[in-house]
Amino acid sequence: MLKAELRKKYMQKRKALSSDEAFLLSEKIFENFINYFKPVSGQKVHIFIPIEKFKEIETQIFIDYFLSRNISVFVPKIVDTKLISVEIFKDTQFEINNWDISEPVSNEDSGVLDFNYVITPLLYCDQKGNRVGYGKGFYDGFFENLSSETKKIGVNYFNPDQLIDDVWENDIPLDYLVTPTDVLSFFKGEE
């Protein structure tokens, strides 16, 4: 299927979830992430703040867990059409931007590129790690500059069931996808 078709299909599938279902599935995704990756003190994680109206994965449970274990947390912020990475703490102040996304008030880019994990929003991810986002290209631009050691991890309520037919040469695939039932690796030789 084409990205536009997949984007529409998975937005509808997401909208069909009740708030309770979305939260329970988010908890399962969180548990699968923790059990598989076992993040530890001193690591650095970049994670998105969900867009509530789009029923994105609830990431506050991840953020609370990381902060309580001395894992540095960074969140995206769009400044002048570029995605920057802002470090957050328990007392960080947030504001709602033009897209209804909660962002830190600070515009200070951390400059960090060697994250252990970048937990990425998406609408769909296929069996090869190709992702369908909202079509703005912010994450592809962000991924280009990351350390090769950084694990790019998508989170989704749904497992892949078909390939994306219009993958572009500048699309950067994910390394993993975490769903409520699986952790899929897109590295050759791993399952």
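Values computed for the structure shown
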| read-out | value |
| --- | --- |
| Fully extended contour minus Cα-Cα distance, from V167 to E21, at 0.36 nm per residue | 49.5 nm |
| Mean ellipticity per residue at 222 nm, deg cm²/dmol - from DSSP H runs of n ≥ 4 across the chain, formula -39500 (n - 2.57) | -8000 deg cm²/dmol |
| Cross-link table K82/K152; K9/K38; K3/K136; K44/K90, entries beyond 23 Å C-alpha to C-alpha | K9/K38 |
| Within the stretch 1-55, GluC sites (Glu not before Pro) in DSSP loop having at most 15 other beta-carbon neighbours inside 10 Å | none |
| Sulfur and carbon atoms: percent of accessible area, the chain [1.4 Å] | 49 |
| For the chain: rounded, prolate or oblate by the Cα gyration tensor [a/c cutoff 1.5] | rounded |
| Rel. contact order, % - alpha carbon contacts under 8 angstrom, at least six apart, the chain | 24 |
| Percentage relative contact order, the stretch 124-191, counting C-alpha pairs under 8 Å, at least six apart | 40 |
| Cross-link reach list, aspartates and glutamates versus K13, counting only Cα pairs under 13 Å and skipping chain neighbours closer than eight places | E5, E21, E56 |
| Length gained when the stretch M11-K38 is fully extended (0.36 nm per residue, less Cα-Cα span) | 6.7 nm |
| Amide N proximity, the stretch 35-63 versus V183 label position 7 Å along Cα-to-Cβ, cut-off under 14 Å | 35-40 |
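The values are calculated or read from the model by the stated rules, or taken from the named source; none is laboratory data. Just so you know, these numbers come straight off a predicted model, no measurement behind them. Note: ideal-geometry Cβ built from the backbone for every residue, glycine included; neighbour counts use all protein chains shown. Only protein heavy atoms, including side chains, enter the accessible area calculation; ligands, DNA and RNA are left aside. Shrake-Rupley method; radii C 1.70, N 1.55, O 1.52, S 1.80 Å.
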